[in-house]
Amino acid sequence: MTDTTISIAAPSPASQRFVDEYKTAMRHVASQVAIVTYGRGEDRGGITCTAICSASTEPPALVVCINRSSPARDGIARAGAFAVNHLTDEQSEIARAFSQSSQVAAPFDLGQWSTGSEGAPILAQATANFECRIDQCIEIGGHTMFIGWVVAVQTAPGSTLLYRDGFFRRLAQE
Ligand SMILES: Cc1cc2nc3c(=O)[nH]c(=O)nc-3n(C[C@H](O)[C@H](O)[C@H](O)COP(=O)(O)O)c2cc1C
């Protein structure tokens, strides 16, 4: 296969109305919820995220999108590695804690955490844990996309925690 480069001019600033329409549409999209963790010891941190997806299977790679104004952005960049901990529907309290780290003194006190091979915190009983080493960072609008090679995975039983239209939700069987 030959390499193809696609060049698209950056869009001019979107109108506030269009941004609001985009946000409304995104509220209709159900997403899995994870805690993206980074750092070691006193320097460790985490952030509740839904903007996560598989980037490649062979070899395995993941992408996470982090707001540039979040301390997690610089924390992940400094660490050079991160872990994605996908939550069960019994771990919504952990999702709330890591989405308000400025208000929650010790979010790592919730749940049982160990240290992964790359140093990032790993949550026990998460449905899936992915440990990643950063390959690339891409700035896109207000976010930074971190693309990481997956170096270790772990799974556990449990039902996935979802987020849609401002609420945490459980997955129902059809
Ligand atoms: C369900 C949910 C999903 C979120 N997904 C992301 C995300 O993918 N990327 C991101 O940068 N922030 C995401 N956030 C926002 C952060 O978790 C956090 O709320 C925000 O950075 C403010 O955190 P602070 O109180 O620690 O400053 C999400 C928040 C929630 C509640």
> Are any of the residues in the stretch 139-158 out of contact with any helix residue (DSSP H, G or I) (no Cβ under 6 Å at 6 or more places or on another chain), under 18 Å from THR37 (Cα atoms), polar (S, T, N, Q) and away from the ligand (no atom under 13 Å from the Cβ)?
Replying inline: yes
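Conditions tested, residue by residue: (1) closer than 28 Å to ALA77 by Cα; (2) touching a helix residue (DSSP H, G or I) at 6+ places or on another chain (Cβ under 7 Å).
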site	(1), (2)
ASP20	no, no
ILE35	yes, yes
GLU42	yes, no
ILE47	yes, yes
> Within the stretch 81-130, restricting attention to residues that are hydroxyl-bearing (Ser, Thr, Tyr) and within 16 Å of the ligand (Cβ to nearest atom), which residue is nearest to the chain's Cα centre (by Cα)?
Replying inline: SER99
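For the stretch 27-34, state whether one or more residues are modelled with pLDDT of 95 or more, within 20 Å of CYS132 (Cα to Cα) and outside any loop (DSSP other than H, G, I, E, B).
The initial filter retains those residues of the stretch 27-34 that are modelled with pLDDT of 95 or more, namely 27-34.
Next cut, within 20 Å of CYS132 (Cα to Cα) only: 32-34.
From what is left, the residues that are outside any loop (DSSP other than H, G, I, E, B) are 32, 34.
Yes: the stretch 27-34 contains one or more residues that are modelled with pLDDT of 95 or more, within 20 Å of CYS132 (Cα to Cα) and outside any loop (DSSP other than H, G, I, E, B).
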> Taking GLY116, is it touching a helix residue (DSSP H, G or I) at 6+ places or on another chain (Cβ under 8 Å), at pLDDT 95 or above and more than 13 Å from ALA34 (Cα to Cα)?
Replying inline: no
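This table checks each residue for (1) of a type in the set (Asp, Glu); (2) touching a Phe, Trp or Tyr at 6+ places or on another chain (Cβ under 9 Å).
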residue	(1), (2)
LEU123	no, yes
GLU131	yes, yes
ILE134	no, yes
VAL153	no, yes
PRO157	no, no
ARG164	no, no
> Restricting attention to the stretch 65-80, which residues are near the ligand (Cβ under 8 Å from one of its atoms) and within 18 Å of ARG44 (Cβ to Cβ)?
Replying inline: ILE66, SER70, PRO71, ALA72, ARG73
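Take ALA128 and decide whether it is more than 13 Å from ILE35 (Cβ to Cβ), in contact with a Ser or Thr (Cβ under 7 Å, 6 or more places away or on another chain) and among the small types (Gly, Ala, Ser).
Numbers: more than 13 Å from ILE35 (Cβ to Cβ): no; in contact with a Ser or Thr (Cβ under 7 Å, 6 or more places away or on another chain): yes; among the small types (Gly, Ala, Ser): yes.
No: the conditions fail for ALA128.
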> Does VAL19 fit the bill of being more than 10 Å from the ligand (Cβ to nearest atom) and either more than 21 Å from GLY166 (Cβ to Cβ) or part of a loop (DSSP other than H, G, I, E, B) (or both)?
Replying inline: no
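Of the residues THR88, THR57, THR50, only one is among the β-branched types (Val, Ile, Thr) and free of Cβ contacts under 8 Å to residues at least 24 places away in the same chain; which? Break it down into steps so the answer makes sense when it comes.
Details: THR88 fails: free of Cβ contacts under 8 Å to residues at least 24 places away in the same chain; THR50 fails: free of Cβ contacts under 8 Å to residues at least 24 places away in the same chain.
Exactly one residue qualifies, and that residue is THR57.
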>> I need the strands (runs of 3 or more DSSP E) fully contained in the stretch 49-141, keeping only those with at least 2 residues that are on the phi < 0 side of the Ramachandran plot and surrounded by fewer than 19 Cβ atoms within 10 Å (Cβ to Cβ).
In response: 52-56, 61-67, 113-115, 128-140
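The values are calculated or read from the model by the stated rules, or taken from the named source; none is laboratory data. It should be emphasised that the depicted structure is a prediction, and the values quoted were computed from it without experimental measurement. Using ideal geometry, Cβ is built from the backbone for each residue, glycine included, and neighbour counts are taken over all protein chains shown.
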